[in-house]
Amino acid sequence: MAEVRCVVNGELLKAEVKDDRLLCDFLREDLGLLGTRVGCREGVCGSCNVLLGGFPVRSCLFLAPQADGEQITTVEGLSEGDHLHPLQRAFIDAGAVQCGFCTAGILITAKALLDRNPEPSEHEVLEALAGNLCRCSAYGKIVDAIRKAAVSSK
Amino acid sequence: MGSRTPKVDAAEKVVGTGRYVDDLSLPGMVYARLARSPYPHARIREVSTESALGQPGVRLILSSENLPGLLPDLGPYDPACHDFEREGAVSMPGDFRLVDSTIRHVGEPVAVVVADSDGAAVEAAATLEVDYEPLPAVLDVDQARLEEAPQIHQGAEGNVAGNLRRSAGDVEAALAESEVVLAHRFSTSRQKQAQLEPTCCVVEPRRDGGVTVWTPHQAPHRARRTLARMFGLGLNSVRVVNPLIGGAFGKGDGLTAEPYAVAAALVTRRPIKLRYSRHEDLVGTEARHPAVFDLTAGFDAKGRILALRGRVTMDAGAYLSHTPRVLPVILTQLTATYRIPNVDLEVTALFTNTPVSGAFRGYGGPQAAFALEHLIDLGARAVNVDPLEARDRMRIRTGDSWGYSRRPIDTSGLEECLRLGAEAIGWSGHRAKELWPRACDQTGIRRGVGMACVVWKSGIAGKAGAVDQSGATVVVNPDGSTLVASAACDLGTGIKTTLAQICAEALGLPIESVRVTESDTGVTPYDSGAHASRSLYRAGRAVERAALEAKREILTYAADLLEADPGDLQFDGDRIVVRGAPDRSAALFDVLERGFREGRRFEGVGTAPLENAPSFAAQFAEVEVDLETGGVRVTRLVAAQDVGKAINPTIVEGQIQGAVHQGLGYALTEDLVIDPETGTVLNGSFMDYRVLTSADGPLVETIVVEQGDPTGPFGAKGAGEPSIILTAPAVANAILHATGASVRKLPMTPERVLAAIRGVKLGGEQAEPGALAGNGSGTV
């Protein structure tokens, strides 16, 4: 067992976890943060992306003990109460959500992108999303949404 | 109508509160996993459960040895949930059973393991000791048809799973009169839906001996019917509910985990969660049928097909499932889009010891279109005709009969799709200025454009024997809010939003006041489910009719209050007014509240009429082919589609764009590869099964054409599938235009493209004429 102290969506917490507990299972099952989806459990699809220290990581490839001392943001941490993050608002308005299973991971990747590059080109958005599969393939609308969010959060 | 209303479920999906099936937990729930066969064909001698049952947390193991005793009423079942609507000319081995003692493909479940935790179930399933007696296996259709091939199913002589033939006119005479006769073989791949949500199911046993099943199934009412039959339960004892669905694309148009989870729940009397890993999802759920087309076509000097002879062999995989339905679609699609006077076509499906072939968006359409549409370009090239003109000359037209209905075509947007698509891609400029063989630029890259078109359907009604029902009820509450009960499944398609829009429009009330129920067999009328581009066309009509009936009830009651004729009343915002007499009106809420107190019910029930509507699409691709590597970069994709009426244009565009991108994967990368020695899937992970990413293709340009169909809700018709059908042939035709090389096997990998370019024989593929060696033959 390992002790994990981390900040998840702005809340400091302490937990005892098994050494081999995956970060995605820790978030979903131990903390009840079900918004993080697990699509492949092999680090390819990006559905389970969360921000760890501001960087998007595959929570299925991270062990919970590795989150010790880190700041984690999941999709639940993007909005503040009823106040949606500009990305979330833009995804709704642009029709960038189809089945929605990839959406949380893509929002996380997009947030990390905009945090570093507030005005990405279409090409930069497409490159940034290359690690997030969307099988409904709403990429056109997703790119629209991310670029609109970039403009609206200026 | 026609508004870009945001999806009703978008908000819960972006904040993460939406619930998919794996997000559900029930008190006392335990976990099941499946143990699967490593052999493609085997008989089970023994399942040794002792050691697995000794592992901590393991409760139960269900196998062929104990299941019949525990559930004596359990029967065979049809995983496609079509068991009540079989079509003729197809054998139906009734041997698809849960954890059978005979195994027919690698990955077939041999036991259900139930444990206190998912981890314990995974561990026990992986280490379960099963003694197999391996049997000789048939791993492709060429082996399946050999005389000495082992027979996979009793009653399926020669491993034939189905066979249909269609002929018209005199093919031999027409071929003799043709300007050019071409004979080619086209092969398609085993594409997987690869929806992002891995298969999962939660089942709760009920006190009445029945079960509630939460599943991303695409047709809860069909699932209920099949589950009830196989477990010997009444329809009221099985309730099937959709949580949010993380994509489906055909994977959920039949049973996967559900029967195993139901069996475990009935035996343990505990709620069960059964998950598939991504690997299990790829190898243990059904894939698109691989098919081989041997086609011979005679073309006239204008590029029209005078005669088409074809022998098509589909790989059904190990069990029948959807094959009886996909087979006639392939046959129909070979003659659906064009007037071909002379045909002799035979489609045969063969069983093999490979994963089961089944439903996948397009359902036979993509296979047929790849072969036929590429053949048309080869013919047009041979007679030196623009392939777009060749198609335009022979395409089906208004007034023609078509493949899926006895009613002739009322309206067709095909001409418009062809014209607008060609304009958008710059067809005439591309095709006219560049003659074959093209000059290579210094980088060795050649560019070309290609296209394809299709007529498709909206559901399966219109054919004898097809069960294609949609029912809906609409209840207007006393506060003016409205509840629509419909089991139309929202796989991410936005159908719940569109149904709400239809209801609001028909009632004349704001969309915000309309809610559509979950697809729950406990509260909805029968609906055949989300498949065959049917939901909007069928369920939309049912909702429209139900809403209009509810509105009539309101207006009839209001007419009494206002002492007017119901026909003179209309909704105006939140009031009901008498036409031409603005001073005579009543507040809607007052009417509804008063009616409620008097026991009036403002409700409607609607069903969809048994009709079908043709939809049309044309697609244009622009490619760059690297002559050194065979690499293909698709630089533009223009998809034009006649959807009748875009009730929500954003949703329609999303459907078209997604279909094209999946079609591009079919064209370039996707194929579940079976090891020819062992029958094992060699690329059963997202690492190795290559789904295209955002960086792999161009953003799809959409052109929405609206030739309203008189039978559709507000003129709308099927929109989900036509565009996935056309991408692979459009890309193949663009490669042909760019290089003169014909790639007739999917996916069009760099290796195959290069081989076609070099005219090299590769791994049993037909040798291509040396494209680069030619000098100036066949300018187009």
* Asked: Which ones in region B:671-710 are charged (D, E, K, R) and more than 11 Å from chain A (Cβ to nearest Cβ)?
  -> B:Asp671, B:Asp675, B:Glu677, B:Glu706, B:Asp709
* Structure fact -> If we ask which residues in region B:270-312 are among the β-branched types (Val, Ile, Thr), surrounded by 22 or more Cβ atoms within 10 Å (Cβ to Cβ) and under 30 Å from B:Val743 (Cα atoms), their number turns out to be 4
* Asked: Here are B:Gln191, B:Gln195: which of them is within 25 Å of B:Gly362 (Cα to Cα), part of a loop (DSSP other than H, G, I, E, B), in contact with a strand residue (DSSP E or B) (Cβ under 7 Å, 6 or more places away or on another chain) and not β-branched (Val, Ile, Thr)?
  -> B:Gln191
* Out of (1) surrounded by fewer than 19 Cβ atoms within 10 Å (Cβ to Cβ); (2) under 27 Å from the mean Cα position of the chain (by Cα); (3) at positive phi, what's the single condition that is false for B:Asn163? -> (3)
* To do: Quickly run through region B:520-544 and pick out the residues that are of a type in the set (Val, Ile, Thr) and over 13 Å from B:Cys489 (Cα atoms).
  => B:Val523, B:Val543
* Subset of region B:397-434 (residues that are assigned to a loop (DSSP other than H, G, I, E, B) and in contact with a Pro (Cβ under 9 Å, 6 or more places away or on another chain)) -> B:Thr398, B:Gly399, B:Asp400, B:Ser401, B:Gly403, B:Tyr404, B:Ile409, B:Asp410, B:Thr411, B:Ser412
* To do: Could you please find all residues in region A:125-138 being modelled with pLDDT of 95 or more, at the interface with chain B (Cβ under 7 Å from one of its Cβ atoms) and surrounded by 24 or more Cβ atoms within 10 Å (Cβ to Cβ)?
  => A:Leu129, A:Leu133, A:Arg135, A:Cys136
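So that you can scan it fast, the table gives a plain yes or no per residue for (1) in contact with a Phe, Trp or Tyr (Cβ under 6 Å, 6 or more places away or on another chain); (2) modelled with pLDDT of 95 or more; (3) within 19 Å of B:Ala547 (Cα to Cα); (4) assigned to a loop (DSSP other than H, G, I, E, B):
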position: B:Gln442; (1), (2), (3), (4): no, no, no, yes
position: B:Arg447; (1), (2), (3), (4): no, no, no, no
position: B:Cys453; (1), (2), (3), (4): no, yes, no, no
position: B:Ile460; (1), (2), (3), (4): no, no, no, yes
position: B:Gly465; (1), (2), (3), (4): no, no, no, yes
position: B:Leu509; (1), (2), (3), (4): no, no, yes, yes
position: B:Arg515; (1), (2), (3), (4): no, yes, yes, no
* Asked: Taking region B:5-30 on its own, how many of its residues are under 19 Å from A:Gly105 (Cβ atoms) and of a type outside the set (D, E, K, R)?
  -> 9
* To do: State which residue pairs qualify: first residue of a type in the set (Gly, Ala, Ser) and inside region B:551-570, second residue part of a helix (DSSP H, G or I) in any location, beta carbons under 7 Å apart, and separation of 6 or more residues or different chains.
  => B:Ala558/B:Val591; B:Ala559/B:Pro566
* Structure fact -> Expected output for region B:45-62 (first residue touching a residue at least 24 places away in the same chain (Cβ under 8 Å) and among the small types (Gly, Ala, Ser), partner surrounded by fewer than 16 Cβ atoms within 10 Å (Cβ to Cβ) and assigned to a strand (DSSP E or B), Cβ below 7 Å, 6+ apart or cross-chain) is B:Ser48/B:Glu129; B:Ser51/B:Glu129
* Asked: Scanning region A:75-109 for residues that are at the interface with another protein chain (Cβ under 7 Å from one of its Cβ atoms) and among the polar types (S, T, N, Q), which turns out farthest from B:Ile656 (Cα to Cα)?
  -> A:Ser79
* Matching entry among B:Asp315, B:Asp344 (being surrounded by 22 or more Cβ atoms within 10 Å (Cβ to Cβ), of a type in the set (D, E, K, R), at pLDDT 95 or above and farther than 30 Å from B:Val449 by Cβ) -> B:Asp315
* List pairs: first in region B:361-382 and over 13 Å from B:Met394 (Cα atoms), second basic (Lys, Arg) and at pLDDT below 95, Cβ under 9 Å, 6+ apart or cross-chain? -> B:Tyr363/B:Arg325; B:Gly364/B:Arg325
* **region B:574-585 residues that are within 25 Å of B:Thr482 (Cα to Cα), paired with ones that are surrounded by fewer than 13 Cβ atoms within 10 Å (Cβ to Cβ) and at pLDDT 95 or above (beta carbon under 6 Å, 6 or more apart)** => none
* Asked: In region B:232-269, which residues are in a loop (DSSP other than H, G, I, E, B), touching a Leu at 6+ places or on another chain (Cβ under 9 Å) and surrounded by fewer than 24 Cβ atoms within 10 Å (Cβ to Cβ)?
  -> B:Gly232, B:Leu233, B:Pro243
* Asked: Are there any pairs with C-beta distances below 8 angstrom linking a residue in region B:104-117 that is closer than 11 Å to B:Val283 by Cβ to a residue that is of a type in the set (D, E, K, R) and at pLDDT 95 or above, with the two at least 6 apart or on different chains, and if so which?
  -> B:Val106/B:Arg36; B:Gly107/B:Arg36; B:Gly107/B:Glu280; B:Glu108/B:Arg36
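Let's see how each residue does on (1) touching a residue at least 24 places away in the same chain (Cβ under 8 Å); (2) out of contact with any strand residue (DSSP E or B) (no Cβ under 8 Å at 6 or more places or on another chain); (3) assigned to a loop (DSSP other than H, G, I, E, B):
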| site | (1), (2), (3) |
| --- | --- |
| A:Lys111 | yes, no, no |
| A:Pro120 | yes, yes, yes |
| A:Glu124 | no, yes, no |
| A:Ser137 | no, yes, yes |
| A:Ile142 | yes, yes, no |
| A:Ile146 | yes, yes, no |
* Asked: For B:Glu518, all conditions in the list (1) closer than 25 Å to B:Val329 by Cβ; (2) touching a strand residue (DSSP E or B) at 6+ places or on another chain (Cβ under 7 Å) hold save one; what is the number of the exception?
  -> (1)
* Criterion violated by B:Thr693 - all others in (1) over 22 Å from the mean Cα position of the chain (by Cα); (2) free of Cβ contacts under 8 Å to residues at least 24 places away in the same chain satisfied -> (1)
* Asked: When you go through (1) among the polar types (S, T, N, Q); (2) touching a residue at least 60 places away in the same chain (Cβ under 8 Å); (3) more than 14 Å from chain A (Cβ to nearest Cβ) one by one for B:Gln151, which number turns out not to apply?
  -> (2)
* Picking from B:Arg419, B:Arg438, which residue would you name as being modelled with pLDDT under 95 and of a type in the set (Lys, Arg)? -> B:Arg438
* Asked: Which one is surrounded by the most Cβ atoms within 10 Å (Cβ to Cβ), of the residues in region B:18-28 that are within 14 Å of chain A (Cβ to nearest Cβ) and part of a loop (DSSP other than H, G, I, E, B)?
  -> B:Gly18
* **Candidate set from region B:737-764 (those that are modelled with pLDDT of 95 or more and among the polar types (S, T, N, Q)); member that is surrounded by the fewest Cβ atoms within 10 Å (Cβ to Cβ)** => B:Thr749
* What pairs come up if the first residue lies in region B:182-204 and is at positive phi and among the aliphatic types (A, V, I, L, M), the second is buried (at least 24 other Cβ atoms within 10 Å of the Cβ) and at pLDDT 95 or above, and their beta carbons are under 7 Å apart, counting only those six or more places apart or on different chains? -> B:Ala194/A:Arg135; B:Ala194/B:Tyr689
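Table: residues versus (1) hydrophobic (A, V, I, L, M, F, W, C); (2) crowded, with 18+ Cβ neighbours inside 10 Å.
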{"residue": "B:Lys13", "(1), (2)": "no, yes"}
{"residue": "B:Gly16", "(1), (2)": "no, yes"}
{"residue": "B:Val30", "(1), (2)": "yes, yes"}
{"residue": "B:Ala42", "(1), (2)": "yes, yes"}
{"residue": "B:Glu46", "(1), (2)": "no, no"}
{"residue": "B:Leu53", "(1), (2)": "yes, no"}
{"residue": "B:Val58", "(1), (2)": "yes, yes"}
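The values are calculated or read from the model by the stated rules, or taken from the named source; none is laboratory data. As the structure is a computational prediction, the values presented were derived from the model and not from experiment. Cβ atoms come from the backbone with ideal geometry, glycine included; neighbour counts cover every protein chain shown.
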